[in-house]
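The values are calculated or read from the model by the stated rules, or taken from the named source; none is laboratory data. The structure presented is a predicted model; accordingly, all values stated were derived computationally and were not measured. As a convention, Cβ positions derive from the backbone with ideal geometry for all residues, glycine included, and neighbour counts pool all protein chains shown.
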Amino acid sequence: MRAHAIALLLLLSVTSTACSSACSTCDTVAVEFDREAETKAVYVAILSELYARDWQSRAVEQWVIDPEIPASVGGRDELVRQRVWESRPGTIADYERARPAGRVPADLAPGLPVRWFTKADFAALPKSGGAVDLGWTAFHEKFPRSPGHITLSHVGFSADGTEALAHVGCWFDSLGGARRIVRVRKMMGAWQVEQDEQTAVS
């Protein structure tokens, strides 16, 4: 009886060790997922959790988003690694890989109206307040109750598609706004912002 109990304990120990090993390498196990659909879901989570209110804490009624995503030359991003160091290595590696310029999916549906507005569109706005205004008075007249001008990046995913990184920004004045690196996790089938760290403030 005692020998049987010892054998059972040894079996449980081996099983536990095997499970731990599997968990430690789960980031390297690729799981097929719809990257485009998950990218849109990540954007929606970020918009809903970070930009649902404007700089005066009022609920927003629309999101003004730059549809253009700049190209990434790739390579190690030390700032991102320092700010979101708890991210899985595979997620960071996917975020850091080189990519051509792209666009935010045109069918993005975050629950409020989306107004596409490029940097060129912004540059064309009249500057009613002189050089200091830079077009912000006209921007807020054109897009009332928005949090500002939002920029999005490419999204880096973990191999299993349950963790993501994106570098986003929002400006509402010449000296008002910030960029942040955001870590998002998919839990119970829904994406949620788990960490966001500012990388630039103006």
Criterion first (of a type outside the set (D, E, K, R) and either in contact with an Asp or Glu (Cβ under 9 Å, 6 or more places away or on another chain) or within 22 Å of residue 29 (Cα to Cα) (or both)) does residue 124 satisfy it?
no
Candidate set from the range 49-82 (those that are touching a strand residue (DSSP E or B) at 6+ places or on another chain (Cβ under 9 Å) and among the small types (Gly, Ala, Ser)); member that is farthest from residue 110 (Cα to Cα):
74
Give the range 74-111 a look and list any residue that's surrounded by 17 or more Cβ atoms within 10 Å (Cβ to Cβ) and of a type outside the set (D, E, K, R), or say none.
80, 84, 87, 90, 91, 92, 95, 104, 108, 110
Provide a single number: the residues in the range 152-176 that are modelled with pLDDT of 95 or more, under 21 Å from residue 58 (Cβ atoms) and not hydrophobic (A, V, I, L, M, F, W, C).
1
Have a look at 61, 49, 32 and point out the one that is at pLDDT 95 or above and over 17 Å from residue 166 (Cα atoms).
61
Kindly evaluate residue 166 against the criterion of being in contact with a Phe, Trp or Tyr (Cβ under 8 Å, 6 or more places away or on another chain), of a type outside the set (S, T, N, Q) and in the same structural domain as residue 83 (by TED's automatic domain parsing).
yes
State which residue is surrounded by the most Cβ atoms within 10 Å (Cβ to Cβ) when the search covers only the range 124-178 and only residues that are among the acidic types (Asp, Glu) and either over 13 Å from the mean Cα position of the chain (by Cα) or more than 22 Å from residue 34 (Cβ to Cβ) (or both).
160
Of (1) closer than 18 Å to residue 48 by Cβ; (2) of a type in the set (A, V, I, L, M, F, W, C); (3) free of Cβ contacts under 8 Å to residues at least 24 places away in the same chain, residue 138 fails just (1)
If I filter the range 130-143 for residues that are at pLDDT 95 or above, assigned by TED's automatic domain parsing to the domain that holds residue 103 and under 19 Å from residue 42 (Cα atoms), do I get at least one hit?
no
Filtered residues of the range 46-84 (kept if over 18 Å from residue 113 (Cβ atoms) and among the hydrophobic types (A, V, I, L, M, F, W, C))
55, 69, 71, 73, 79, 80, 84
